[in-house]
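What follows is a short report on a single structure.
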Amino acid sequence: MFRAGPPSHTLRRLPLLQLLLLAQALGRGLGRANPAGGPLEDVVIERYHIPRVCPREVQMGDFVRYHYNGTFEDGKKFDSSYDRHTLVAIVVGVGRLITGMDRGLMGMCVNERRRLIVPPHLGYGSIGVAGLIPPDATLYFDVVLLDVWNKADTVQVTTLLRPPHCPRMVQDSDFVRYHYNGTLLDGTAFDTSYSRGGTYDTYVGSGWLIKGMDQGLLGMCPGERRKIIIPPFLAYGEKGYGTVIPPQASLVFHVLLIDVHNPKDTVQLETLELPPGCVRRAVAGDFMRYHYNGSLMDGTLFDSSYSRNHTYNTYVGQGYIIPGMDQGLQGSCAGERRRITIPPHLAYGENGTGEKIPGSAVLIFDVHVIDFHNPADPVEIKTLFRPPEPCNETAKLGDFVRYHYNCSLLDGTRLFSSHDYGAPQEATLGAHKVIEGLDTGLQGMCVGERRQVVVPPHLAHGESGARGVPGSAVLLFEVELVSREDGLPTGYLFVWHEDPPANLFEDLDLNKDGEVSPEEFSTFIKAQVSEGKGRLLPGQDPEKTIGDMFQNQDRNQDGKITVEELKLKSDEDQERVHEEL
């Protein structure tokens with residue numbers, strides 16, 4: 001694309017052929033015989049090539065550019081514009097041409113070819129032109145019309161394709177990026193942006209373009225295709241441009257607008273889908289996980305997190321991403337879908353980046369926010385249902401609990417559910433058997449209560465995630481407490497509800513043989529549990545727990561317990577304290 005400023009060099013204007021600039025016929029001589037045998041009364045016009053499309057026909061007062069060969073009846077050439085390598089450029093119908101040529105050009109279309117037979121009285125009459133055209137000569141012209149325009153013409157704009165979505169139309173002072181093919185009116189190509197492998201980038205309405213292009217681009221949408229026809233006085237006028245655009249040439253541009261922005265533009269936000277119940281919106285300092293498709297304004301995709309099957313994870317408002325995205329993500333909700341349009345000065349600027357984002361490119365991101373959190377976030381607990389009957393005991397640290405749960409990401413993606421296993425999940429609170437955030441969320445619950453528990457990553461599976469759980473994921477649990485049992489102190493497998501028997505070994509030695517077998521030990525402990533005198537560690541197979549208890553007392557591992565071996569854990573703990581002292 002050529003700028004409107006002075007070109008580096010221009011075509012030198014050559015004088016037009018004198019004989020064609022003579023005012024009207026100098027006399028009315030006798031014409032040569034026409035094919036019917038008599039003299040010609042008017043110009044004979046043979047249209048031997050008519051273009052299929054003719055948007056404009058020559059009328060009186062039009063400015064035309066054409067090539068011609070001039071011969072006599074015997075075929076002898078007397079003049080040719082081709083020999084001078086210069087088109088005839090002149091206004092028709094105002095007496096600047098011989099009358100026969102004025103008449104013969106009327107109604108012509110661009111690229112039309114005609115043969116004109118001009119009788120003497122419509123040419124140079126009985127006088128002729130000394131040394132060139134004899135008196136009473138009939139003239140034969142082969143003419144091809146290459147251009148036609150009028151001073152009353154304006155820029156002609158034809159929309160060839162308009163995209164269904166038009167977020168922005170070109171206005172004065174906008175910066176645009178577009179591709180184009182430039183031709184003369186007869187189809188002769190003079191320039192194209194496609195051959196240079198890059199768009200033409202410029203300001204509109206600021207004197208950087210020829211006036212006709214400034215006008216022709218107004219109102220265009222990104223992705224729109226237009227045909228713009230510009231008359232010479234709104235293009236390069238009488239001088240033309242270099243060797244490719246002749247003087248007084250009409251120009252035809254086929255334009256594809258890639259994008260448009262204004263240096264005053266800010267980030268544009270469009271909410272595509274807003275989930276219900278949004279109580280928290282992202283702010284600067286939050287850590288966010290989101291998916292995105294990134295495209296240029298004409299729809300060209302340049303990147304997508306979906307193609308990597310992984311969210312983009314980053315802090316918002318702290319300079320880790322381009323400024324426009326930093327701004328565009330703030331205020332969003334988890335699960336929200338929004339479109340963020342970012343002008344170049346808030347994206348990658350005049351230089352662009354890599355091979356896919358050109359300089360001065362407007363970027364459009366279709367974003368799906370998966371979740372966000374702040375490193376200082378606590379566990380969020382919301383009670384969904386609480387049983388109407390009084391609740392005297394709630395779950396606390398050390399309790400053994402059974403609960404059902406559904407676990408998902410904040411965008412609703414389902415991860416796990418205890419219902420899939422047909423049985424409640426079991427855990428001892430505070431024993432580090434579940435993630436810290438869920439442990440916290442279960443405390444204080446009544447049996448039958450249901451809660452929603454939102455657990456930030458630092459209280460869940462952290463930056464690395466876990467099997468089936470993405471890194472830095474906020475987890476949403478819906479939990480229902482099924483049962484609760486008081487737990488045992490750390491390190492205990494069995495506790496007495498009251499003081500243990502005074503003669504414990506004698507009570508254990510059921511057959512009174514001076515030693516306790518595994519069977520005797522098991523029978524005794526089960527009897528204490530069934531009579532409510534003591535209880536085993538909850539959440540473990542009773543047989544295993546009793547077996548572990550026996551192994552702890554069978555200190556020499558000979559399969560029996562003697563009176564010397566039997567010691568209560570409380571006594572052992574007391575002895576250990578004395579040893580440490």
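Numbers below:
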| item | result |
| --- | --- |
| C-alpha long axis of helix 518-530 to longest principal axis of the chain, angle in ° | 80 |
| With at most 10 other Cβ atoms within 10 Å, longest stretch of the chain clear of loop trypsin sites (Lys or Arg not before Pro) (DSSP) | 265-466 |
| Helix 569-580 vs. the chain, principal-axis angle (Cα, 0 to 90°, nearest 10) | 80 |
| For GLU224, net neighbour charge (Lys/Arg +1, Asp/Glu -1) across residues whose Cβ lies under 12 Å away | +3 |
| Environment charge of GLY317, counting only residues whose C-beta is closer than 9 Å and scoring Lys/Arg +1, Asp/Glu -1 | -2 |
| Histogram of C-alpha separations across the chain, 20 Å bin width, % | 15, 25, 19, 15, 12, 8, 5, 1 |
| Reachable aspartates and glutamates, given that their alpha-carbon falls under 19 Å from the alpha-carbon of LYS264 and they are not under 8 places away in the same chain | ASP172, ASP174, ASP201, ASP326, GLU350 |
| Equivalent-ellipsoid semi-axes of region 268-371, from the Cα gyration tensor, Å, largest first | 23, 14, 13 |
| Region 477-540 and region 142-171: distance between their alpha carbon centers, rounded to Å | 95 |
| Test item: Cα-centred dipole of region 256-314, Lys/Arg +1 and Asp/Glu -1 on Cβ, debye | 320 |
| Per-residue ³J(HN,Hα) for region 171-179, Karplus 6.51 cos²θ - 1.76 cosθ + 1.60, θ = phi - 60°, Hz, x for Gly and Pro | 10, 4, 6, 6, 9, 10, 10, 8, 9 |
| Rounded, prolate or oblate (a/c below 1.5 giving rounded, otherwise prolate when a/b exceeds b/c) for region 380-485 by Cα gyration tensor | prolate |
| Long pairs among LYS382/LYS526; LYS433/LYS526; LYS533/LYS560; LYS396/LYS526, criterion Cα-Cα beyond 31 Å | LYS382/LYS526 |
| Prolate/oblate/rounded label for region 494-580 (Cα gyration tensor, a/c 1.5) | rounded |
| Within the chain, longest stretch clear of exposed GluC sites (Glu not before Pro) (DSSP loop, no more than 15 other Cβ within 10 Å) | 74-237 |
| Per-residue [θ]222 nm for the chain (sum of -39500 (n - 2.57) over DSSP H runs n ≥ 4, rounded to 500) | -3500 deg cm²/dmol |
| Pairwise label distance in nanometres, VAL94 with ARG467, each label 7 Å out on the Cα-Cβ vector | 9.0 |
| Unmatched cysteines, the chain - criterion: no other Cβ of a Cys under 4.7 angstrom | CYS407 |
| Loop chymotrypsin sites (Phe, Trp or Tyr not before Pro), region 102-210, which have at most 16 other Cβ atoms in a 10 Å radius of their Cβ (DSSP) | TRP208 |
| Whole-Å distance, taken between Cα centres, linking region 398-432 and region 61-102 | 94 |
| Straight-distance crosslink candidates among lysines, where the alpha carbon sits under 28 Å from LYS239 and sequence neighbours closer than 8 are dropped | LYS151, LYS211, LYS227 |
| Whole-angstrom gap from region 452-472 to region 366-380, using each part's C-alpha centre | 11 |
| Angle in degrees between helix 542-553 and the longest Cα principal axis of the chain, rounded to the nearest 10 | 60 |
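Laboratory data are not the source of any read-out in this text; all were calculated from the coordinates shown. All figures in this text were calculated on a predicted structure; none of them were measured in a lab. Note: ideal-geometry Cβ built from the backbone for every residue, glycine included; neighbour counts use all protein chains shown.
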